[in-house]
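The values are calculated or read from the model by the stated rules, or taken from the named source; none is laboratory data. Predicted model, so just to flag it, every value in this text is computed and none were measured. We work out accessible area using only protein heavy atoms, side chains counted, and drop any ligands, DNA or RNA first. Shrake-Rupley method; radii C 1.70, N 1.55, O 1.52, S 1.80 Å.
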Amino acid sequence: MKDLANDDPFEMVAVSNPDGITEQSDRETARCIIEEYALTGFSAHDIGELFTSPAFGLPNAIYRRRGDDFVRDLILGVFGARP
């Protein structure tokens, strides 16, 4: 791996899912997001707020598509309250 240079591009690049957005893809993506934030010390409450905030585009898009119960069940599953 090379060192970063001043002229390296640091912009994010999005890649679309070739199968489109499905409930399963939202479930897997949301769970990964929840696990990553949990591992960095965020509480279940903090992660829930992250999904409801428009400032966090991907989590918020999942929240708007799938609703509060969908996200809450995944958060509780990661934190051990539900399978």
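Dividing the alpha-carbon radius of gyration of the stretch 15-59 by 2.2 N^0.38 Å (N being the number of residues), what value is obtained?
Scaled against compact globular proteins, the figure is 1.23.
Find the accessible area per residue for the stretch 43-83; the probe is 1.4 Å, ligands and nucleic acids are left out, and the unit is Å².
Spelled out: the 1.4 Å probe surface of the stretch 43-83, per residue, equals 58 Å².
Relative contact order for the stretch 20-83: what percent, with Cα pairs under 8 Å and sequence separation of 6 or more?
35 percent
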